[in-house]
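Here is the structure we will look at, set down as structure tokens.
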Amino acid sequence: MDEPTIPQPESGSTATDAESTPAQAPPEALHTPADGIPPVIDSERGVLECARAIAAGEGPVALDAERASGYRYGQRAYLVQLRREGAGSWLIDPIACPDLSPVDEAIGRAEWILHAATQDLPCLAEVGLRPRQLFDTELAARLLGLPRVGLAAVVQHYLGLALAKEHSAVDWSTRPLPEPWLRYAALDVEVLVDLRNLMGVDLAREDKAEWARQEFEALLDWAPAVRVDPWRRTSGVHKIRQRRTLAVVREIWEERDRIAADRDTAVGRVLPDAAIVEIAGAAPRDVSQLPAGHRSIARYGRQWVAAVRRGQELPDDELPVQSVRSDGPPPPRAWADRDPVAAARLARTRELLGAFAEERSIPIENVCSPDPLRRVVWTPPADRSAAGFEQALASHGVRRWQREIVAPFLVQAFTEHPDA
């Protein structure tokens, strides 16, 4: 893979010192796209026209996607935005045009620019768009230690512009899409190239360009984690102590998911989590015994009662266990009692990491996520050298730049707190 070029700062100046320092006056509001609001493409012919324009353009491609979270089932894209120098901005309706592979071919190996890439990569992949290299402006903001990393905050920090975000949580499945929403969507990609260039300069100036390169490369293979027993994330389920009631929660949760998928509506609009727990606790035998409250309790009353019955009739050996045993170490609060030496090692490593993170202006969790660090400290490798710790961290997905920072801290913590 060709590595993206990180701009180098000019001698005696920095992006942060020159362009990125917020102005003292209120930021100028960004209202209108430079080229106006592009029409929404809803035909194969339009997709091919977009592909030709993108192929003829130059430089990286700014992309964004709008979903209908909270309104529709799943996380599919309902609008895709692109912009490239020489090609202008494009808005595509991926519901009318679900195959955007011609655009993907037109982009080729050009760098993508996204903000919060993990939010958009899955839904863009569903319509045939997959990056070969990318730059994530939100992740770059974290590496640079910005206090706020939302797109509007980063735009204000670097460009001194106020980017309106009042349409970020609207129902993007609406058709036709209102003009103010389209204006908002076009502006989101219009600012990304300038952001990427200024942030690239700052990453180089702070010796973080290689960190960013490795982080961005890791995103190319990123996929959402597949949760085991997702129903266990139901709010309030931790209060339930009876396995039979847990089985009822699971049946209601799965019934809600089926209804939401069939109706293409967000699961929370079908039935809130609190109502699932309330129904399971009441264990109604018929619709008349259902708790009053959310209108969907009554609307789908027969389905909830049937789900309760299925849970009540399960054989004992098919009931869910109270809790699923984790393959990782115990919670840190239990370490002092179970292994005081490990607790001391973890505390010391985090102390050293915290000092490093503060010195380099980067969140500690971006230097090393808590889970792999805890795993390596709780079950350390036989080789307690820096190389041994680097290998152990690598087995848990820790990037090379992170391993090179964290491994010496682990060596120091284990040296200061040897085995009893």
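Values quoted throughout were computed directly from the atomic coordinates according to the rules given, and no laboratory measurement underlies them. The structure displayed is predicted, hence computed values, not measured ones. Quick reminder, even Gly has a Cβ in these numbers, built from the backbone with ideal geometry, and neighbours come from all protein chains shown.
See the values below:
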read-out: Loop trypsin sites (Lys or Arg not before Pro), segment 254-292 (other Cβ atoms within 10 Å of the site Cβ: 16 or fewer; DSSP); value: 285
read-out: In Hz, Karplus ³J(HN,Hα) per residue of segment 255-260 (6.51, -1.76, 1.60; θ = phi - 60°; x = Gly, Pro); value: 5, 4, 5, 5, 5, 4
read-out: Rounded to the nearest 20 debye, dipole of the chain from Cβ charges on Lys, Arg, Asp, Glu; value: 1940
read-out: Tail weight of P(r) past 21 Å, computed on alpha-carbon pairs of segment 230-318, percent; value: 21
read-out: Once exposed loop GluC sites (Glu not before Pro) are cut out (DSSP; at most 13 other Cβ, 10 Å), longest piece of the chain; value: 167-420
read-out: From phi via Karplus (6.51, -1.76, 1.60), per-residue ³J(HN,Hα) for segment 190-206 in Hz, x at Gly/Pro; value: 5, 8, 5, 5, 4, 4, 4, 5, 5, 5, x, 4, 5, 4, 5, 4, 8
read-out: Calculated FRET efficiency for the pair residue 153/residue 263, C-beta based, R₀ 41 Å, to 0.05; value: 0.70
read-out: Using θ = phi - 60° and Karplus 6.51 cos²θ - 1.76 cosθ + 1.60, couplings along segment 115-122 (whole Hz; Gly, Pro as x); value: 10, 6, 4, 5, 6, 9, 4, x
read-out: Unit charges on C-beta of K, R, D, E only; dipole of segment 211-250, Debye; value: 640
read-out: Potential extension, residue 132-residue 394 segment - 0.36 nm per residue separation minus Cα distance; value: 92.0 nm
read-out: Interchain or long-range residues, amide H under 5 Å from residue 64's placed H; value: 81
read-out: Segment 332-416 shape via C-alpha gyration tensor axes, a/c threshold 1.5; value: oblate
read-out: Summed side-chain charge close to residue 343 - residues other than residue 343 whose Cβ falls under 15 Å, Lys, Arg +1, Asp, Glu -1; value: +2
read-out: Within the chain, helix-based [θ] at 222 nm, where runs of 4 or more DSSP H residues each add -39,500 (n - 2.57), nearest 500; value: -14000 deg cm²/dmol
read-out: Rounded if a/c under 1.5, otherwise prolate or oblate - segment 127-255, Cα gyration tensor axes; value: prolate
read-out: Cβ-based exposure ranking for 208, 165, in which fewest neighbours within 10 Å come first; value: 165, 208
read-out: Gain on full stretching of the segment that runs from residue 171 to residue 254 - 0.36 nm per residue minus C-alpha separation; value: 27.4 nm
read-out: Translational diffusion coefficient (Stokes-Einstein; Kirkwood radius from C-alpha pairs) of the chain at 37 °C, 0.692 mPa s, in µm²/s; value: 132
read-out: DSSP-assigned coil residues among trypsin sites (Lys or Arg not before Pro) in segment 317-420, each with at most 12 further Cβ atoms within 10 Å; value: 325
read-out: Theoretical gain in end-to-end length, residue 125 to residue 244 [0.36 nm per residue, Cα-Cα removed]; value: 38.9 nm
read-out: Lys/Arg +1, Asp/Glu -1 at C-beta; segment 346-403 dipole; positive extreme among 401, 385, 373; value: 385
read-out: Calculated FRET efficiency for the pair residue 289/residue 31, C-beta based, R₀ 51 Å, to 0.05; value: 0.40
read-out: Inter-part distance where segment 150-227 and segment 54-91 are each reduced to a Cα centre, Å; value: 11
read-out: Efficiency of FRET from Cβ geometry, residue 233 and residue 327, R₀ 25 Å, rounded to 0.05; value: 0.90
